Structures are given as C-alpha cells and as structure tokens.
Amino acid sequence: MNTPHITVTDLTMAYGDFVIQQDLTFTIDHGDIFIIMGGSGCGKSTLLKHLIGLQRPAKGAVFYDRQDFWHASDEERVRIMRRIGVLYQSGALFSSLTLAENIALPLGEFTDMGSREIADIASYKLALVGLAGFEDYYPSEISGGMQKRAGLARAMALDPEILFFDEPSAGLDPVSARLLDDLIISLRDTLGTTIVVVTHELASIFAIGSNSVFLDPETKTMLATGAPRKLLAESSDPRIIQFLTRGESNVDKPA
Amino acid sequence: MPWRQCLRGIAVSAVDAAPAPIGVKPIDDSTAAIQVTGDWSHGAAIKPAEQVLAELDATSPSRVLLQAHELAGWDSRLPAYLLKIIDYCQARQIEVDASGLPEGIQALLKLARAVPERTGARRATQKKSMLADIGKTVLNGLKDVRGLIAFIGETMLAFMSLIRGKARFRAVDLLLCIQDAGPAALAIVTLISLLVGLILAFVGAVQLAMFGAQIYIADLVGLGTVREMGALMTAVIMSGRTGAAYAAQLGTMNVNSEIDALKTMGISPMEFLVLPRMLALILMLPLLCLYADLMGILGGALVTVSAFDVSLIQYYNETQKAVDLTDFSIGIFKSLVFALLIATAGCMRGMQCGRSASAVGDAATAAVVNSIVYIVVADSLITLLCNRLGI
C-alpha cells in the first residue's frame, strides 16, 4: 500500500476553450473503492474518460503506479489499458455478438488460450454476475440490468487490476442496485481489485465508498477528497453536506 | 307569449351579464384589482394578456391585487397567464398581491418562481451576418477535409499492420461482411444491370437501325457496359446498399459506446471494425462488376435478338470482336477505385458520427451522398485519362 495505484496531479479537463474541471489532485490506493461524485454536469464522466484513456487532459498528469499514462508511448498506454476494465453506463456490449462472444473477445485477442478454455472462462464470468445459462443470448434479448451485469462480466474478462464503473446503478431498481453494490465489494475483497465508481447514488456512496473525490460544477474544481462518511462527519463545506444529505440537513454549521 | 319574451329577455341579459373571465378594476388612485372568474380551462375564450396589460397601463397603479371569484375550472393556462402579468408588474416595480387567489394557484406561482432564472441560460437569438455564415461553412469544410485526411492516414496504418500480419480482427466478421457485400447483392445487381443493358441497346438501336447497322448494337452495348456502366451502376448500388449500412452500423456502435469499449480494451477499432468492411468491399466489388458486365451484355442481346433481326451467334461474335481484355481491365480497375471510395466514405462517416439518433441518420445520408460524388468524379477523371492515353 505504499505507492498509490492511481495518482492524479493538477489535472485540467477542457473541451477546446471550455474548461470543465481544473486543478484536480488526488490519489487512489490499491484496494480502494473510490467514488467520483458531484452534481449533474460537473464532469464526473469526463474525468472517467481521462482516467481510461479516451480523452487527453488539457493539463496535468495521470499516473498508474509510477507510470505517466498520457506521456507514455502508444504501446505502453495500450499495455496499461489492458490492466483496466470498464463498465459503461449502457453496458456497451457488442450488439452483434452473444454474451459469451462478448466476453471471449478480449480473451481471444490477448491470451493464447484455446477456444474451449475461453468458453469455460466466459461461462464462469457470466455465472459470477448471476447470468449462468445466458451464454447464447444477444444483448438486445436481455433486460437493462442484465446487460449491465454482462458488461461487468466482460470488463472482468482479463482479470483487471482496476475496474471502472460509469453510473453502475443508473436505471436499476433498488434491489438490483444493492446486488451490484454487494458484487463490487466482494470483487474488491476476493480479488483485491481497485475499483473506481462514478455515481451520485447516495445509498451506494455510503455503502461501498472507502475514498472519494467531490467535484463542484460552479467553481469547476474539486472541493474535497476522502472517505464519504468522513466527509459527511467532518466537512464544513455546505455544498458537500447538502449533497451528502440530499439537501435535507440544515446547513447551519459554521462555514 | 309574454312569459316567453320574458324568458328570452332573461337569457339575453344573462349573456350580457356573463362576467368577462378577466378584467381590470380600479379600486383607488394607487390600487387596481385584476379579477378572474369563470372557466379557465383549455378551449375557453379568453382575451389575450396583452389587452389586459394595456388596460392595466391605462390605470397605472402602484399596487395590483390579484383576485379570483367563482372560478369554474382552470388548468395550466391560468397560472401561465398570471405569471405573465406578475412578470410585467415586477418589471415596472408594481407591487403584486396574490392573496386573493385560491391557495393551489398561489402555491404553483410560488413554485414556478422558486428557482430564479439562471443568468445566461436563455439563448439569445442572435442575428448572424452572412459573412459569419460563409466563414462557418468554410471552417466546417476544412474540418471535413482534415477529418478525411486523418481517416485516410489511420486506414493506411491499419493496412500496414494487416500486411505485417499484426492486424486484429475476427475472420468471422470478414466473412460476414463479404457475404453481405457480395452474394447478398447479386439479385439487385442482376436486375439493374440487365435493365441498363436493355436501355443502352434501345437507345443505340434507334440510331443504328436508320443505317441498317443493327449488328453494331453489340459493339455499343458491349463497350458501354464493360468500360463504363457495369462498374458505375454496381458502385452506385453498393454505395446505397453497403456504404450506408457501414455508416449506420459504425455510427450506432459509436452511440452505444461500443467503440469506446474497444478502445479501452486495447483493440484498435480501425483494425477491428473498419478493416474487414473495407477488405470485403474491395474484394467483392470487382467480382460484382464482372457479373454486372455479363448481365448488361445479356440485356443488350435480349433486345437485339428479339426485336432487331440479329441472331444470338452474330451478337456473340460481334461482342467478342469489339470488347477486348483492355476494356475489361479498365472496368475492373474502376470498380476497385470505387470500392475504396465507397468503403472510405461509409466507414469514415460512421466512425466520426455524433452521439444521437439523428446523427446516425445524417452519417448514413452523408455516406451515400459523398460516395456517389466521389464515384462520379473519379469516373470522369479515369475516363479522361484513358482517353488521353489512348487506351
């Protein structure tokens, strides 16, 4: 636990001249469940894109262990990206492939396992997320919650060190959302995976988060970083307290 | 009789007395009341707010009371109407007292004004000068050109890694694309080519029959089809069929983050998605073109043999004499170029597609329009070149 798993220093994100967030500095430790939270439109998903290599930062750096992600050569970056798995908001399953083929795709591309072994692993991953028996279904034939779980199975295909979740509980009923939270915790506990979650579901934030960063759309920068419970207990910033209590607490703490 | 008149009198006076649903009533020098009554649901006849505001201006009060009497029914129309009056009064520093309204309406009015309008949120409709429009069009055009050059570069890189044997795509995908761009298109290519051959034959026959030279219809149809129409018509069909499909497929994958997912897996979407599609079209279009040539000649033969007193053998011999291998190679070369253009236009538009349903439609349309323009321009250039080189 000596070196942080991901270090973000002085990151500025922008589309052209339009700055989304600036001066972001935080670290994510090995085995953290790290929450990226903040109001709608504050750039949570954009921050995720910067962490997973889809968008280049305007300024600042992202380090994986000690390696500078955006200043590495293309090949090195691809090598880092192979150590991470991403669950997109919509699942982003390949619609022309069955669930088993979706999971088999990265396995077939990046390992030299035989097709039978790959099929076994695909079935195992589907069973892990509660979709045993759905190998031959196409993404369009299953429900949104199932698509999301299948997306998780694909993200886990290569046993990544870090898993990224983009709004995992959006569009799920409370029970399914809770099951997904449990799944996330057990992934961390059993496999030691570092997990980064973009969400604004309070229930999830408190249930799973061991560390977090809070982004503010008004000032376009981060307000705090730390465990969500600790933020709620110790923060004096009315915006954070308001967010973490759904605006229900009287924000009369001395600011 | 009298009671009837009496009744009519009542009815008339009732209509006269039916209170206007809204009216301005001065109370004293500085106060006016705006009273709403009756039916305020959709479909009720109510005078426009501007008229009420004009009446209000006439009395120029410093305080306005909003009052409701015997409201029969109301929906969103009433609060919207009242909001307009309140905003108007506030802009003129006139005090508004809404306590004479039913509680439900008061609550709605309060809710509608609870969050103040965000400054700068409303989009001002600016009048744009023509120069600005022209500038924007030029800049967009330049952006398109840059995008095209970038896409060609990325395609080159993908083909390089294909040649080095490092490209990653699934053989199944390539086979599916080939199936889709080849055999699946045979029916429509047959129909169109046969008909084009037929048309060529008819057009030529009218002129040639005047000299009794019907046998030369074979030359005309043969050369026209093999050098020109075969490749051109197949390319146009395939740009509508396959080019649009490529753009729509890739565009939808983009909307669905599937392309992002590939990137984060470390798989190049150019290799995985674009290469098999391009390869399939480049492999299949020349074959389709060859087939279209045959069908066109057959169409010509059908007309000539049945209507212009030329036997099938004569037609066959004449065609063989007129068309040689060079003509075929020119047609096939053209179809190769067209395949490259269609695949580039389709895949590029798909990969650069925006993230909405309408963007996918735009991408498909642009793919077809672009590829047809490219095809015709390229065809003219090649034809001109052949003419100058004397082939």
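Compute a Gaussian network model of chain A, connecting alpha carbons closer than 10 Å, and tell me which residue from A:Leu51, A:Leu105, A:Leu24 fluctuates the most.
Comparing A:Leu51, A:Leu105, A:Leu24 in a Gaussian network model of chain A, the most mobile one is A:Leu105.
Inside 10 Å of the C-beta atoms of A:87-94, what's the mean count of C-beta atoms belonging to other chains?
5
Under a point spin-label approximation (7 Å from Cα along Cα-to-Cβ), what is the B:Ile163-B:Lys47 distance to one decimal in nm?
For B:Ile163 paired with B:Lys47, the spin-label model returns 8.3 nm.
Please give the length that would be gained between A:Phe18 and A:Met113 if that part of the chain were fully extended, namely 0.36 nm times their separation in residues minus their C-alpha to C-alpha distance (nm, one decimal).
Full-extension gain reported as 29.6 nm.
Per-residue counts of other Cβ atoms within 10 Å, averaged by peptide: what ranking do you get for B:212-219, B:341-348, B:144-151, highest first?
Packing proxy ranking, top to bottom: B:341-348, B:212-219, B:144-151.
What net charge do the residues around B:Leu53 carry, taking every other residue with its C-beta under 14 Å from that of B:Leu53, with Lys and Arg at +1 and Asp and Glu at -1?
Counting the neighbours of B:Leu53, the net charge comes to -1.
Would you mind checking which residues have amide H under 5 Å from B:Trp74's amide H? H placed 1.01 Å from N; only 5 or more apart, or other chain.
Here the answer is B:Trp40, since their amide H atoms fall under 5 Å of that of B:Trp74.
So the label point goes 7 Å from the Cα of A:Ser143 along Cα→C-beta, right? Which residues of region A:165-202 then have their backbone N under 14 Å from it?
A:171-180
Kindly express, to the nearest 10 degrees and within the range 0 to 90, the angle between helix B:357-389's C-alpha long axis and the longest C-alpha principal axis of chain B.
That helix lies at roughly 30 degrees to the long axis.
Using each residue's phi in region A:37-51, evaluate 6.51 cos²θ - 1.76 cosθ + 1.60 at θ = phi - 60° and report the 3J(HN,Hα) Karplus result to the nearest Hz, with x for Gly and Pro.
10, x, x, 4, x, 8, x, 4, 5, 5, 4, 4, 4, 6, 6
Report the gain in length on full extension from A:Thr219 to A:Ala207: 0.36 nm times residue separation, minus Cα-Cα distance, nm rounded to one decimal.
Using 0.36 nm per residue and subtracting the Cα-Cα distance, I get 1.5 nm.
Output the 0 to 90 degree angle, nearest 10, between the alpha-carbon long axis of helix B:186-208 and the longest principal axis computed from the alpha carbons of chain B.
Helix B:186-208 sits at roughly 70 degrees to that axis.
In debye, nearest 20, what is the charge dipole magnitude of region B:265-346 about its Cα centre with +1 on Lys and Arg Cβ and -1 on Asp and Glu Cβ, if you could check?
240 debye
Kindly provide the helix-only [θ] at 222 nm of the protein assembly as shown, computed as the sum of -39,500 (n - 2.57) over DSSP H runs of four or more divided by all residues, to the nearest 500 deg cm²/dmol?
Helix-only estimate at 222 nm: -18000 deg cm²/dmol.
If you plug each phi of region A:219-233 into the Karplus form 6.51 cos²θ - 1.76 cosθ + 1.60 with θ = phi - 60°, what whole-Hz ³J(HN,Hα) values come out, in order, with x for Gly and Pro?
8, 6, 7, 7, 9, 6, 9, x, 5, x, 5, 5, 4, 5, 6
Could you list, in their original order, any pairs among A:Lys49/A:Lys148; A:Lys44/B:Lys263; A:Lys220/B:Lys143 whose Cα atoms are separated by more than 23 Å?
Violating the 23 Å Cα-Cα cut-off are A:Lys220/B:Lys143.
Kindly express, to the nearest 10 degrees and within the range 0 to 90, the angle between helix B:77-91's C-alpha long axis and the longest C-alpha principal axis of chain B.
Once rounded, the angle reads 70 degrees.
Once you've got the GNM for chain A with C-alpha springs shorter than 10 Å, pick whichever of A:Arg56, A:Arg149, A:Arg66 has the biggest mean-square fluctuation.
Among A:Arg56, A:Arg149, A:Arg66, the largest GNM mean-square fluctuation belongs to A:Arg66.
Can you pull the mean other chain C-beta count within 10 Å for peptide B:268-274?
1
Tell me, what ³J(HN,Hα) does each residue in region A:190-201 have, in order and in whole Hz, if you take phi through Karplus 6.51 cos²θ - 1.76 cosθ + 1.60 with θ = phi - 60° and put x for Gly and Pro?
Result, rounded to whole Hz: 8, 9, x, 5, 7, 10, 10, 10, 9, 7, 10, 7.
How would you rank A:93-99, A:175-181, B:384-390, B:45-51, highest first, on the average number of other Cβ atoms within 10 Å across their residues?
So the peptides A:93-99, A:175-181, B:384-390, B:45-51, ranked by packing, come out A:93-99, A:175-181, B:45-51, B:384-390.
Quick one: which of B:58-65, B:289-296, B:156-163 comes out on top by average Cβ neighbours within 10 Å, and what's the full order, highest first?
Highest-to-lowest ranking by the protection proxy: B:289-296, B:58-65, B:156-163.
Quick note: the coordinates plus some simple rules give every number you see, no bench work behind them. None of these values were measured; they are calculated from a predicted model. Counting neighbours? That spans all protein chains shown, and the Cβs are built from the backbone with ideal geometry, glycine included.
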